[in-house]
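First up is the structure itself, then whatever we jot down about it.
Bear in mind that the values in this text are calculations on the coordinates, not laboratory data. Just so it is clear, the structure is predicted and the values come from calculations on it, not from any experiment. Cβ coordinates were reconstructed from backbone atoms using ideal geometry, including for glycine residues, and neighbour counts include every protein chain displayed.
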Amino acid sequence: MATQSTTDATASALAGAAARETYESAEEVLRLYQPVMRALATAAGPSVEVVLHNLDGADVDLGHTIMAIENGHVTGRSVGGPSTSLGLDVMKDRQADHDAFGYRGTTSDGRELRCSSVYFRNAAGDIIASFCINVDLSPIQQARNMLEALLPPTGGAEPGPHEHFGTDLVSVMDAMITAAIAEIGRPVEQMSRDDRIAVLEKLDRRGATQMRKSIESIAKRLGISRVTAYAYLDEARTR
């Protein structure tokens, strides 16, 4: 599906074209832009509705303005269908600038839309048609909810275990050492004695010191001797 920025950029480009040109009728707008509607809807995907409204004439029936529509299932509308609440504002002043980009819309069943609308004018400067793009955000919101469910909590919940994966125990142990060092928040070269003891304490609490040759690996990563590592471990266990 097209990104929101892509559909907004498309609407902005249409606004530029609409500002430079005038049209004799809404039918002329339809003839020129219906292929664009189909191309945009096909490229953007089924969650993007593209609509062209007929707002031409002194007595516009806002209950039947849709001249063409692609992916009408987004809002449940079809050709001959109604305008929206924005149509009322346009009819109040058809000379004003009503172009809008990236504003919020809501469907009758409560789904959130991201919308952009561009208006076309006749030689007198009156609005005669509108080109609207409506992006259904529910697929994006569902994907976001799924990702949030998979990601670790950012606060408020009890932390669960932190599982390290590797192709062998050496790589698992190395990952555990890397994580413990990262939790200190400074490079090994800048660590104090207490920082290094804290690393040993974390690794001992997580069982890493029970692995074969773990103390040698930890000592090497911390830049200390094996004897010093054992001394730091003993001190960590007495805290």
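Descriptive notes on the structure:
- Using the Cβ of G81 as centre and a radius below 12 Å, the other residues enclosed give a net charge of -1, where K and R count +1 and D and E count -1.
- Segment 4-139 - percent relative contact order, Cα under 8 Å, separation 6 or more: 30
- Net charge of the neighbourhood of N122, taken over other residues with C-beta under 10 Å away and scored Lys/Arg +1, Asp/Glu -1, is -2.
- Shown in residue order for segment 144-149 are the 3J(HN,Hα) couplings computed by the Karplus curve 6.51 cos²θ - 1.76 cosθ + 1.60 at θ = phi - 60°: 5, 4, 5, 5, 5, 5 Hz (x for Gly and Pro).
- Separation of alpha-carbon centers, segment 170-218 and segment 35-71, rounded to whole Å: 62
- Cβ crowding within 10 Å, taken as a proxy for footprinting-reagent exposure, orders T106, T75, T228 from fewest neighbours to most as T106, T228, T75.
- Put in order of Cβ neighbour count within 10 Å, fewest first, the listed residues T209, T238, T65 become T238, T209, T65.
- Tensor-based shape of segment 92-149 (alpha-carbon gyration tensor, a/c under 1.5 rounded, otherwise prolate or oblate): prolate
- Cβ crowding within 10 Å ranks K202, K92 as K92, K202, fewest other Cβ atoms first.
- Computed over neighbours whose Cβ is under 10 Å from that of A41, the net charge equals -1, Lys and Arg +1, Asp and Glu -1.
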